[in-house]
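Report on one structure; see the data block that follows.
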Amino acid sequence: MSGQGSDLFLGLDFGTDSVRALLVDDRGRIGATAVAPYEHGQITVGSAIAQELFVDPLPRAFALQDPSDWLASAAIAVRTAAGSADLDRQVSGVGIDFTSCTMLPALRDGAALVGADAAYRRRLHAWPKLWKHHGAAAQAVRMTELAERRSEPWLAHYGGGVGLEWLFPKILEAIEEDPEVATAAEVWLEAGDWVVWQLVGAASFGGDSGVEALVRSTCQAGYKALWSREAGFPSREFRQATSRSRRSITNVSSSASSAGSSGATER
């Protein structure tokens, strides 16, 4: 893939079962592509990894994933693509997209909660929840009904309903089903944002980028986390009222240029 003066870019597409790497120049010419499947695939009822991890069968609505698979498969895909291309330049930029809302709890240093302590590997809600995870249906209905009663202005932007696959219902599900996990989680975020955090230097990944420097995708936040540049996230009062637990989604911040961390803390 030679071409003097032409910049080279890497795209990473994180799908449900694999990650695809694409090398392309600034003229749109594809130099190479490669696909690497996730070692553990989808952690769903009946899967080998689910049977290994959990004593009881997973509920049918659950769809989880191992975050270490995302990084390992991305590395394989990039090496494979780079090895099949005639590279004579450095990569000038990286673009990432990810299934959404695939989300996970993490610590302030960027470590995924499920990888921070072996004990959490046995806790369902410590794992990343795939976009297709449907365990938060009750929480989504409750959020919709509450927003209707309160005449929340943002509800109209989403067709009058909160989706069960979105960020806040999945956080509420963890708060109500496993308060210990919710307490341990210092930040909840989209998987795409987590991968970017690792690449730009999360402290847990050998860098110096803590949660204070975390920048979240405004696209994902706007579509799946009820955020807007004008109003930010739903109000603290709304978020407190959604939970049937003593805990609620209270630690949420945003700015005009980025959407901040989402945390579950005790009221």
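Before we move on, is Thr99 among the polar types (S, T, N, Q), over 18 Å from Leu199 (Cβ atoms) and modelled with pLDDT of 95 or more? Considered against the rule, which asks whether it is among the polar types (S, T, N, Q), over 18 Å from Leu199 (Cβ atoms) and modelled with pLDDT of 95 or more, Thr99 comes out as no.
Within region 4-54, the set of residues being out of contact with any helix residue (DSSP H, G or I) (no Cβ under 8 Å at 6 or more places or on another chain), free of Cβ contacts under 8 Å to residues at least 40 places away in the same chain and not charged (D, E, K, R) comprises Gln4, Gly5, Val24, Gly28, Ile30, Val45, Gly46, Ser47, Ala48, Ile49, Ala50, Gln51. Given the condition surrounded by 13 or more Cβ atoms within 10 Å (Cβ to Cβ), outside any loop (DSSP other than H, G, I, E, B), at pLDDT below 95 and not aliphatic (A, V, I, L, M), answer yes or no: does some residue in region 117-125 qualify? So far as region 117-125 goes, no, none of its residues is surrounded by 13 or more Cβ atoms within 10 Å (Cβ to Cβ), outside any loop (DSSP other than H, G, I, E, B), at pLDDT below 95 and not aliphatic (A, V, I, L, M).
Within region 79-105, residues that are farther than 21 Å from Ala191 by Cβ reach partners that are in a helix (DSSP H, G or I) with beta carbons closer than 9 Å, at six or more positions or on different chains, in the pairs Val91/Ala82.
Criterion applied to Thr250, Thr218 was being at pLDDT below 95 and over 27 Å from Gly15 (Cβ atoms), and the one residue passing it is Thr250.
When Ala72, Ala77, Ala61 are checked against the criterion of being of a type outside the set (Ser, Thr, Tyr), crowded, with 18+ Cβ neighbours inside 10 Å and either in a strand (DSSP E or B) or at negative phi (or both), a single residue qualifies: Ala77.
Selection of region 8-55 for residues being modelled with pLDDT of 95 or more, of a type in the set (Asp, Glu) and part of a strand (DSSP E or B) yields only Asp13.
Filtered by the rule that a residue be surrounded by fewer than 19 Cβ atoms within 10 Å (Cβ to Cβ) and either touching a helix residue (DSSP H, G or I) at 6+ places or on another chain (Cβ under 6 Å) or not in a helix (DSSP H, G or I) (or both), region 187-225 gives Val200, Gly201, Phe205, Gly206, Gly207, Asp208, Gly210, Val215. Being surrounded by 15 or more Cβ atoms within 10 Å (Cβ to Cβ) and in contact with a helix residue (DSSP H, G or I) (Cβ under 6 Å, 6 or more places away or on another chain) is the requirement here; does Ser100 meet it? So Ser100 fits the description; yes.
The values are calculated or read from the model by the stated rules, or taken from the named source; none is laboratory data. As the structure is a prediction and not an experimental result, all values here were calculated from the model. Note that we place each Cβ from the backbone using ideal geometry, even for glycine, and neighbour counts take in every protein chain shown.
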